[in-house]
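Accompanying notes for the structure given below.
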Amino acid sequence: MRLSEQAQQIIRNTVREVFGLEAKVKLFGSRINDGARGGDIDLLVELSSITADSERKTLQLIAKLQLRLGDQPIDVLVLDPSTPMQSIHEHAAMTGIIL
């Protein structure tokens, strides 16, 4: 995994700050491959209940993470019980590493 322990902690804390204490976050995509270089930070936020204002909270999370981690590309998927399951969600859930 190509994220420092400090960056992982910042991500965990920020996800909980925005989405609540029950939110789980996984890193997926190129950053889980130690042999790769570059790439954006791809995150899957998993929620056990439907959340109001999911889009607003997603944008808020990205903005806070960019301020705290530095200006770099960050992509966030949110998966709650109302989210129509797509192949990207399945891939992220199966291959992602829990932070």
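The values are calculated or read from the model by the stated rules, or taken from the named source; none is laboratory data. Just so you know, these numbers come straight off a predicted model, no measurement behind them. With ideal geometry, Cβ positions are generated from the backbone for all residues, glycine too; neighbour counts draw on all protein chains shown.
Only one of the listed residues (E46, E55) is surrounded by 14 or more Cβ atoms within 10 Å (Cβ to Cβ) and touching a strand residue (DSSP E or B) at 6+ places or on another chain (Cβ under 9 Å). That residue is E46. Which of the residues belonging to region 16-49 are within 14 Å of D75 (Cβ to Cβ), in contact with a Leu (Cβ under 8 Å, 6 or more places away or on another chain) and assigned to a helix (DSSP H, G or I)? Answer for region 16-49, where residues must be within 14 Å of D75 (Cβ to Cβ), in contact with a Leu (Cβ under 8 Å, 6 or more places away or on another chain) and assigned to a helix (DSSP H, G or I): just R31.
Among the residues of region 20-54, those identified as of a type in the set (D, E) and touching a residue at least 40 places away in the same chain (Cβ under 8 Å) are D42, E46. For region 80-98, the set of residues classified as in contact with a Leu (Cβ under 6 Å, 6 or more places away or on another chain) and not in a helix (DSSP H, G or I) consists of D80, G96, I97, listed by residue number. Considering region 58-73, and only residues there that are within 13 Å of the chain's Cα centre (by Cα) and surrounded by fewer than 14 Cβ atoms within 10 Å (Cβ to Cβ), the residue that is nearest to S30 (Cα to Cα) turns out to be P73. Check region 60-71 and report whether any residue there is out of contact with any strand residue (DSSP E or B) (no Cβ under 8 Å at 6 or more places or on another chain) and part of a loop (DSSP other than H, G, I, E, B). The answer is yes, given that some residue of region 60-71 is out of contact with any strand residue (DSSP E or B) (no Cβ under 8 Å at 6 or more places or on another chain) and part of a loop (DSSP other than H, G, I, E, B). Within region 79-89, the set of residues being of a type outside the set (S, T, Y), over 20 Å from G39 (Cβ atoms) and surrounded by 11 or more Cβ atoms within 10 Å (Cβ to Cβ) comprises L79, D80, Q86. Answer yes or no as to whether S30 is surrounded by fewer than 19 Cβ atoms within 10 Å (Cβ to Cβ), hydroxyl-bearing (S, T, Y) and under 24 Å from E5 (Cβ atoms). Yes; evaluated as a whole, the condition is true for this residue. Restricting to region 1-15, and then to whatever is touching a strand residue (DSSP E or B) at 6+ places or on another chain (Cβ under 8 Å) and not in a helix (DSSP H, G or I), can you tell me which residue is nearest to L67 (Cα to Cα)? Ranking the candidates gives L3 first. Residues in region 42-96 that are modelled with pLDDT under 95 and among the β-branched types (V, I, T) were compared, and the one that is nearest to R2 (Cα to Cα) is T95.
Being surrounded by 11 or more Cβ atoms within 10 Å (Cβ to Cβ), aliphatic (A, V, I, L, M), closer than 15 Å to H89 by Cβ and in contact with a Ser or Thr (Cβ under 8 Å, 6 or more places away or on another chain) holds for only one residue in V25, V76, and it is V76.
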